[in-house]
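The values are calculated or read from the model by the stated rules, or taken from the named source; none is laboratory data. What you see is a predicted model, and the numbers here were worked out from it, not measured in a lab. Cβ placement follows ideal geometry from the backbone for every residue including glycine, while neighbour counts extend to all protein chains displayed.
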Amino acid sequence: MTNTVTIGVASRAEINARFTRAMTTGERATPFIGFVDERALWRTLTPLRWDILKLMTGAGPLPLREIARRVARDVRGVHTDVHSLLAAGLVERDEAGFRFPYDAVHVDFILTAA
């Protein structure tokens, strides 16, 4: 079974409702990382950070220098991007390095007329 995370736009109320549903039904909720709006999502998930997530997907823990080597970027820039992903809750850190604990990513949000 693939360990998939959904990344999307959701209000605090929607996130709370997901949690409450999972707690009351006993179902295991699909992992979800929510942003308040699409601007926050795209501000956090820049193309260079997507490259990092792509290489980390299913890869296990990676040291920062290895991430930089694999994306062919300088360590300083990758450090900044990885720490932004860490702050957003997308990446985890342990003694072995940085980890994106999912095998697949689904991005979900709806664009509606203004």
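Got at least one residue in segment 96-107 being farther than 20 Å from Thr6 by Cα and charged (D, E, K, R)? No, segment 96-107 contains no residue that is farther than 20 Å from Thr6 by Cα and charged (D, E, K, R).
Selection within segment 11-35: residues that are in contact with a helix residue (DSSP H, G or I) (Cβ under 8 Å, 6 or more places away or on another chain) and closer than 17 Å to Ile110 by Cβ. The member of this set that is surrounded by the fewest Cβ atoms within 10 Å (Cβ to Cβ) is Phe32.
Checking Gly77, Gly89, Gly34 one by one, the residue that is at positive phi and of a type outside the set (Val, Ile, Thr) is Gly89 and no other. For Leu111, the conditions (1) touching a residue at least 40 places away in the same chain (Cβ under 8 Å); (2) within 14 Å of the chain's Cα centre (by Cα) all hold with the exception of (2). Among the residues making up segment 43-87, those that are hydroxyl-bearing (Ser, Thr, Tyr), more than 18 Å from Ala104 (Cβ to Cβ) and in contact (Cβ under 8 Å) with a residue 24 or more places away in the chain are Thr44, Thr46, Ser84. Checking the structure you have, find out if any residue of segment 6-20 is in contact (Cβ under 8 Å) with a residue 40 or more places away in the chain, of a type outside the set (Gly, Ala, Ser) and part of a helix (DSSP H, G or I). So far as segment 6-20 goes, no, none of its residues is in contact (Cβ under 8 Å) with a residue 40 or more places away in the chain, of a type outside the set (Gly, Ala, Ser) and part of a helix (DSSP H, G or I).
Matching residues to (1) modelled with pLDDT under 85; (2) under 13 Å from the mean Cα position of the chain (by Cα); (3) more than 19 Å from Tyr102 (Cα to Cα):
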site: Met23; (1), (2), (3): yes, no, yes
site: Arg39; (1), (2), (3): no, no, yes
site: Arg49; (1), (2), (3): no, yes, no
site: Ala68; (1), (2), (3): no, no, yes
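Every residue, every condition in (1) out of contact with any strand residue (DSSP E or B) (no Cβ under 6 Å at 6 or more places or on another chain); (2) among the hydroxyl-bearing types (Ser, Thr, Tyr), yes or no:
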site: Ala17; (1), (2): yes, no
site: Thr44; (1), (2): yes, yes
site: Lys54; (1), (2): yes, no
site: Arg65; (1), (2): yes, no
site: Arg76; (1), (2): yes, no
site: Glu95; (1), (2): yes, no
site: Val107; (1), (2): no, no
site: Ala113; (1), (2): yes, no
